[in-house]
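Reading through the structure tokens given below for one structure.
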Ligand SMILES: [Ca+2]
Ligand SMILES: [Ca+2]
């Protein structure tokens, strides 16, 4: 997070968030499609977690928030909580993994439809974080992929800015679902030297790049603590947090304007090294009130 509030290196060991606290704390809902959120983690002591929902109706496969070392809790901690990019954002956990740490496409679709339905009811400003994905094989069912893509596009149609992980597969992000969906913000990863994170997926399907190495966030590791995480999941969470903070501070902007700001407000041209067709844009969280 230290990197995304400043134009250039070196890091200054500070993260300055422009979340305007005079406007309150919870004007934007953030739905996190992941492993769930440990709401007793100290990162959420101050603001809590607003809601939690399992998409699986099978009681025996209730997802466990410790899956993937508490990945969803890490997302929530970077997005909001007390120390994230958008402190005090209203956090909603959508738990989509089954007891085998597996998220089926059916559960994924159900999660998205749940969010669209909820936002339809609440009519509140809402953003979505999807730091999960899969590599789509060209031999897989094209009709089903079209259905999945249209489901994700439904979030955008419903006015819900959405950030998704570019993926950590070191290949063209256009091979990854949902990063391949043009309408969403797909996020690649950078390292400490403003180069592409070595495992980051890359290319024209990436909209913006954000730090993906040595990211401090909550985790489950012999209990609930804080860990140093890698990966484009972390980059995505920072991007989602930036959208929430921007919308909170600029409440008259439309959903489309919020998403457009991610790329137009990014630091342009600062990435170096092999970008492999990735746009040269590094997430910038400041300027939220402009
Ligand atoms: Ca900084
Ligand atoms: Ca896009």
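Annotations
- Cβ pairs under 7 Å, 6+ apart, first in segment 1-16 and touching a residue at least 60 places away in the same chain (Cβ under 8 Å), second within 16 Å of ligand 2 (Cβ to nearest atom) and outside any loop (DSSP other than H, G, I, E, B): 4/210
- Scan of segment 121-147 for residues that are surrounded by fewer than 20 Cβ atoms within 10 Å (Cβ to Cβ) and closer than 23 Å to residue 243 by Cβ, ordered by number: 121, 122, 123, 124
- Flag for residue 97 being more than 16 Å from ligand 1 (Cβ to nearest atom), under 22 Å from residue 148 (Cα atoms), at pLDDT below 95 and not in a helix (DSSP H, G or I): yes
- Members of segment 148-186 that are within 14 Å of ligand 2 (Cβ to nearest atom) and closer than 18 Å to residue 244 by Cα: 155, 156, 161, 162, 163, 164, 165, 183, 184, 185, 186
- For residue 201, the criteria (1) in contact (Cβ under 8 Å) with a residue 40 or more places away in the chain; (2) buried (at least 23 other Cβ atoms within 10 Å of the Cβ); (3) closer than 21 Å to residue 168 by Cα hold in every case but one, which is (1).
- Qualifying residue in segment 214-225 (condition: under 14 Å from the mean Cα position of the chain (by Cα), closer than 13 Å to residue 165 by Cα and not in a loop (DSSP other than H, G, I, E, B)): no
- Elements of type strands (runs of 3 or more DSSP E) in segment 120-210, at least 1 residues being within 16 Å of ligand 1 (Cβ to nearest atom) and within 19 Å of residue 264 (Cα to Cα): 185-190
- Matching residues, segment 1-25, being surrounded by 15 or more Cβ atoms within 10 Å (Cβ to Cβ) and modelled with pLDDT of 80 or more: 1, 2, 3, 4, 5, 6, 15
- Residue within segment 253-275 that is modelled with pLDDT of 95 or more, farther than 25 Å from residue 124 by Cα and assigned to a strand (DSSP E or B) present: yes
- Condition check for residue 154: without any contact (Cβ under 8 Å) to a residue 60 or more places away in the chain and within 19 Å of the chain's Cα centre (by Cα): yes
- Qualifying residue in segment 104-116 (condition: in a loop (DSSP other than H, G, I, E, B), away from ligand 2 (no atom under 16 Å from the Cβ) and modelled with pLDDT under 95): yes
The values are calculated or read from the model by the stated rules, or taken from the named source; none is laboratory data. Treat the numbers as computed from the prediction; the structure is a model and nothing was measured. All Cβ positions, even for glycine, are placed from backbone atoms using ideal geometry, and neighbour counts span all protein chains on display.
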